[in-house]
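Let me begin by presenting the structure, written as structure tokens, before commenting on it.
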């Protein structure tokens, strides 16, 4: 079995003919990820709308977007009938933006799907009531090394999986996102949610969640930026996330990886974007199969940022056009990622088990 061939051929869904995109929001994530990804994929962005028209005009000039709007109504009036709306706005704005979109539209919603489970439920109801074909931008699933990891696993070379972990110790410049300064929830909701969604894509919904998320003294003005989350998938699987974003010492000991272990092999994928963010380091995938000599590295074409964003938009467009049977990050699935996130916050708030008293 040619393992390398299987990994090299792993690609995200892509429409045969790309639909025009209306980008709602001209913030940093649009500049750093959405627009570079769409340019690389050849997805046409025909309009951009933001209440800060000057910021939208600057992005339009940089990425050759032909139309700039100051309101969603103005963008809708310009939009082609088959346009896809890409809502790259902060979570609190989603319940305001989504009701303004045309009924029956195709929509990509920036993660998270609201800031609470209550907001996520409201977003789900809006999408159902308006008949929106909506997906949430949980794009880590589509990172090139994650696609390669999935392809390697599906060859059967690793055997049955019994262990998956995300380990992150790095420095994240949270100051780049001004809206996070007052966010009551931070690390799990805005970062580890990607890993929660990734683990659900591998194992489904957990039986339960144990978690603790805490503040860092290095970023005392922010909400919690360090977390440990353990997922209950029964007695034979260890699945967990451990993150700290305030390790700003020499990069030598910083780390950012996902690791899987099976009965016959293991693999580790580096998420380079977290190391020296936002410049980042290259992503990769290393693997070992029992009986082979040591670890091997499979070069991957592209990184999580921006390449995975091609997968989020591509999978939505392929589904809308009937070229894909499923919508992996559709709102009906994404609501379970939000339920899992909410369970983590509930667990963190309840605290652990007190030490038992001694009977001496």
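The values are calculated or read from the model by the stated rules, or taken from the named source; none is laboratory data. Only a predicted model underlies this, so the values are computations on that prediction, with no experimental measurement involved. As a convention, Cβ positions derive from the backbone with ideal geometry for all residues, glycine included, and neighbour counts pool all protein chains shown.
So which residues in the stretch 89-110 are closer than 19 Å to residue 121 by Cβ and outside any helix (DSSP H, G or I)?
Of the stretch 89-110, the ones closer than 19 Å to residue 121 by Cβ are 89-99, 101, 107, 109-110.
Passing the criteria: 89, 90, 101, 107, 109, 110.
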All but one of (1) in contact with a strand residue (DSSP E or B) (Cβ under 7 Å, 6 or more places away or on another chain); (2) over 21 Å from residue 192 (Cβ atoms); (3) surrounded by fewer than 22 Cβ atoms within 10 Å (Cβ to Cβ); (4) not assigned by TED's automatic domain parsing to the domain that holds residue 24 hold for residue 170, so report the exception by its number.
(2)
Hey, does the stretch 328-338 have a residue that's assigned to a strand (DSSP E or B) and more than 20 Å from the chain's Cα centre (by Cα)?
no
Test result for residue 158, at pLDDT 95 or above and in a helix (DSSP H, G or I)
no
Residue check, residue 13 against (1) out of contact with any strand residue (DSSP E or B) (no Cβ under 7 Å at 6 or more places or on another chain); (2) surrounded by fewer than 19 Cβ atoms within 10 Å (Cβ to Cβ), all met but one. Which one?
(2)
Among the candidates 134, 149, which residue alone is in contact (Cβ under 8 Å) with a residue 24 or more places away in the chain, touching a strand residue (DSSP E or B) at 6+ places or on another chain (Cβ under 7 Å), under 30 Å from residue 264 (Cβ atoms) and outside any loop (DSSP other than H, G, I, E, B)?
149
Given the residues 49, 11, which is the only one that is touching a residue at least 60 places away in the same chain (Cβ under 8 Å) and over 24 Å from residue 277 (Cβ atoms)?
11
Checked 117, 98, 124 against criteria (crowded, with 22+ Cβ neighbours inside 10 Å and within 21 Å of the chain's Cα centre (by Cα)); the one match is 98
Going by the conditions given, is residue 298 buried (at least 17 other Cβ atoms within 10 Å of the Cβ), out of contact with any helix residue (DSSP H, G or I) (no Cβ under 9 Å at 6 or more places or on another chain) and outside the structural domain of residue 112 (by TED's automatic domain parsing)?
no
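If you check residue 316 against the conditions, is it touching a strand residue (DSSP E or B) at 6+ places or on another chain (Cβ under 8 Å) and assigned to a loop (DSSP other than H, G, I, E, B)? Talk me through it step by step, then tell me what you get.
Numbers: touching a strand residue (DSSP E or B) at 6+ places or on another chain (Cβ under 8 Å): yes; assigned to a loop (DSSP other than H, G, I, E, B): no.
Spelling it out, it is not the case that residue 316 is touching a strand residue (DSSP E or B) at 6+ places or on another chain (Cβ under 8 Å) and assigned to a loop (DSSP other than H, G, I, E, B).
Conditions (1) over 15 Å from residue 15 (Cα atoms); (2) touching a helix residue (DSSP H, G or I) at 6+ places or on another chain (Cβ under 8 Å), marked per residue:
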position: 317; (1), (2): no, no
position: 327; (1), (2): no, yes
position: 332; (1), (2): yes, yes
position: 336; (1), (2): yes, yes
position: 344; (1), (2): yes, yes
position: 349; (1), (2): yes, no
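Quick one: which strands (runs of 3 or more DSSP E) sit completely within the stretch 182-300 and have at least 1 residues that are touching a strand residue (DSSP E or B) at 6+ places or on another chain (Cβ under 8 Å) and under 25 Å from residue 330 (Cβ atoms)?
Values: elements: 208-214, 226-232, 238-244, 255-262, 265-270, 284-289, 296-298.
Of the strands (runs of 3 or more DSSP E) lying wholly inside the stretch 182-300, those with at least 1 residues that are touching a strand residue (DSSP E or B) at 6+ places or on another chain (Cβ under 8 Å) and under 25 Å from residue 330 (Cβ atoms) span 208-214, 226-232, 238-244, 255-262, 265-270.
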